[in-house]
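Engineer: Shown below is the structure under consideration.
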Amino acid sequence: MSRFNYVAKGPHGNIQGTLEAASASAAASEIQAKGLVPLTIKQDGPVAVAAAASAPVKMPAFMQPKVTQMDVMLFAKQLYTLFKAGVPILRALAGLQETTQNPTMKVVLQDLRRALEGGVDLSTAMAQHPKCFDGFFVAMVKVGESSGRLEEIFLRLAQHMEFEMFMQQQVKSALRYPSFVIMAMTAAIGVINVMVIPAFSGVFKGLGAELPLPTKILMATSAFTIEHGWSIFIAAVAAFFVFRKWVKSPQGKPVWDRFLLRMPIVGPIVTKASLARFTRAFALSLRSGVPLERALIGVAQTADNAYLTQQIDSMRERIMRGESLAHSAASAGVFTPMVLQMIAIGEETGMVDELLDEVGELYSEDVQYLLKTLSQQIEPILIVFMGGLVLVLALGVFLPMWNMGGAAMKH
């Protein structure tokens, strides 16, 4: 028996511990039996020290290229093709290591080969690289190993990741035009405040007459911007980084993600995209033979929404206390009536995976439509805002001129 130090993901965050097992694979099985997802498993003792001493010197982490989602998707698709052709796993990994263009991915594949040659399971070896293979990916590979359907699992994982990438591209495409318009408007407001209004300000002050309210507002805004411009810029940058750090923190991310689900226009898209991701991943897990509790652990990690992840974890806890899946889902308060209805019917008929897959397809199509029309929904808001801005500028600049013209005609 050897002693292993491990880091595993649990319902409430990462957990560190030590256990004794015959091998790293046995240690991983023991950790998963506790309802945890192993992230790293390292042997404690002379063997580990010797391995560390003989390890090659690696480049600093910030200099290494990252393993992208595309790399992992291609890895899963290529492994499926090689397995289907009857290529042994070690030879398949060697071939992928030679052909991959990403040096970091090449190192990961080399580590996987060494782990397999040392008698470690593929899923356990993948768990040593959490930045490449998330908990859901590792859990699905573990199921494929235990059921003997590894080829099918990699096909489904490739399809799942392809869907995820497609959704991300759709979101970026839909937000490109509104983002460009907002940046252009912000730049225009800055130029007007700093350069245009000060040029008129001297003329208006020379009139010696009472200026209309829009003109006073413009002149005060311009003066404040010129006087405190750098302070405003530094404060805005600092606020951005503070907000970004808060959004990524364990306390702030659930609050922000919950706000996103309820935000006008964007909220329905985020909600349906999250539910499409949940239903497809959950259906994939159940169809592959993953037990219900373990399936919810893996699916919670793919939700990409911290608030939804919390509710999925609460579902799992209710199910472990003896509640039905439909009742626990209804208690979570984040699922639409369609999802709840499909889960209830699926429990009665034993077709939860098929019905959830249909819901995922439906929501995926709905999200694609909403994303295509997102710019059309935002355009009226931008037009109204731009119209109001132009109106204020026009009134502020031209009202004093009209007053000057009217006074000159009277004289």
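The values are calculated or read from the model by the stated rules, or taken from the named source; none is laboratory data. Since we're looking at a predicted model, the values are computed, not measured. Ideal geometry is used to build each Cβ from the backbone, glycine not excepted, and the neighbour counts take in all protein chains shown.
Engineer: Filtering region 287-305 down to residues that are of a type in the set (A, V, I, L, M) and surrounded by 19 or more Cβ atoms within 10 Å (Cβ to Cβ), which residue is nearest to LYS172 (Cα to Cα)?
Structural biologist: In the first step, residues of region 287-305 are kept if they are of a type in the set (A, V, I, L, M); the result is 290, 292, 295-297, 299-300, 303.
From the residues that got through so far, the ones that are surrounded by 19 or more Cβ atoms within 10 Å (Cβ to Cβ) too are 290, 295-297, 299-300, 303.
Details: VAL290: 33, ALA295: 30, LEU296: 29, ILE297: 29, VAL299: 24, ALA300: 24, ALA303: 18 Å.
Within region 287-305, the match that is nearest to LYS172 (Cα to Cα) is ALA303.
Engineer: A follow-up question, please. Taking only pairs six or more apart or across chains, which ones have beta-carbon atoms under 6 Å, a first residue in region 111-125 that is more than 16 Å from LEU96 (Cα to Cα) and outside the structural domain of ILE31 (by TED's automatic domain parsing), and a second residue that is basic (Lys, Arg) and buried (at least 22 other Cβ atoms within 10 Å of the Cβ)?
Structural biologist: Cβ pairs passing all conditions: SER123/LYS142.
Engineer: How many of the residues in region 279-313 are closer than 17 Å to VAL138 by Cα and aromatic (Phe, Trp, Tyr)?
Structural biologist: So the count comes out to 1.
Engineer: Sort through PHE224, PHE240 and tell me the only one that's modelled with pLDDT of 85 or more, part of a helix (DSSP H, G or I) and farther than 30 Å from TRP256 by Cα. Working first, answer last.
Structural biologist: Working: PHE240 fails: farther than 30 Å from TRP256 by Cα.
Criteria check complete, one pass: PHE224.
Engineer: Given the conditions (1) more than 23 Å from SER29 (Cα to Cα); (2) surrounded by 17 or more Cβ atoms within 10 Å (Cβ to Cβ), report the number of the one that GLU162 does not fulfil.
Structural biologist: (2)
Engineer: Restricting the search to region 150-159, which residues are surrounded by fewer than 18 Cβ atoms within 10 Å (Cβ to Cβ) and modelled with pLDDT under 85?
Structural biologist: GLU152, GLN159
Engineer: Still on this structure, I have one more. Could you tell me which residue of region 70-90 is farthest from MET126 (Cα to Cα), considering only residues that are in contact with a helix residue (DSSP H, G or I) (Cβ under 8 Å, 6 or more places away or on another chain) and surrounded by fewer than 15 Cβ atoms within 10 Å (Cβ to Cβ)?
Structural biologist: This residue is LYS84.
Engineer: Tell me, yes or no, whether region 247-270 has at least one residue that is loosely packed, with under 15 Cβ neighbours inside 10 Å and closer than 22 Å to GLU354 by Cα.
Structural biologist: no
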